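Since the structure comes first, as structure tokens, the remarks are kept for the end.
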Amino acid sequence: MERFFRRAVAFAAAVAVLVGAVNLIFGAAMHLPPERVTPEVDSQVRFFAVWFLALGPLVTWVLRDLPARGALLRLVFGAMFFGALARAASMVLVGLPEAPMIGATIFEASLVLLLPLQARVERGFVAT
């Protein structure tokens, strides 16, 4: 169980780094036709790309001492869940995005499902 949890979290960290890097390099042009990219939208995409880039190493750091740093992982995954809810609200209010963004929403929302497993893993540290 602990191995699965650590691998799932490491995978999420790798996805964050990959998504952040790709969005930092390509900016909003990755999401919109070039004629629709404004400086404001491109700036936002690249700004948030750096946040994703930072999340990967942060989550990896948390895994190195889960009992002491677990609260930070709960905070990160909780924030990702609320981000997924914000994306879902956008889908209702503005319309459905392309399939990759729907997939991102599902992925982000699913991270919260790891929290009960994290609690079990952390209890295992306390019991030993």
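Max-minus-min Cα coordinates of the range 1-118 on each principal axis give 48, 29, 19 Å, with the largest extent listed first. A Förster distance of 22 Å, applied to the separation of the beta-carbon atoms of ILE25 and ARG74, puts the FRET efficiency at 0.10. Coupling constants for the range 86-100 follow from the phi torsions by the Karplus curve (6.51 cos²θ - 1.76 cosθ + 1.60, θ = phi - 60°), and in residue order they are 5, 4, 5, 4, 4, 4, 6, 7, 10, x, 6, x, 5, 3, x Hz; glycine and proline get x.
Rounded to the nearest 0.05, what FRET efficiency do VAL112 and ARG36 have when you use their Cβ-Cβ distance and R0 = 25 Å? Calculated transfer efficiency: 0.15.
Ranking PHE5, VAL45, HIS31 by how far each Cα lies toward the positive end of the dipole of the range 1-62 (charges on Cβ) leaves PHE5 at the top.
With contacts taken as Cα pairs under 8 Å and at least 6 residues apart, the chain reaches a relative contact order of 27 percent. For the chain, a Gaussian network of Cα nodes joined below 10 Å ranks ALA99, ALA14, ALA109 by mean-square fluctuation, and the top entry is ALA99. Multiplying the residue separation of PHE11 and ASP65 by 0.36 nm and removing their Cα-Cα distance gives an extension gain of 17.7 nm. Here the convex hull built on the C-alpha positions of the range 1-55 has a volume of 60 cubic angstrom per residue. Lys and Arg at +1, Asp and Glu at -1: add these up for the other residues within a Cβ distance under 14 Å of THR105 and post the number. Residues near THR105 contribute -1 overall.
No lab work stands behind these numbers, since they all come straight from the coordinates. It should be emphasised that the depicted structure is a prediction, and the values quoted were computed from it without experimental measurement. With ideal geometry, Cβ positions are generated from the backbone for all residues, glycine too; neighbour counts draw on all protein chains shown.
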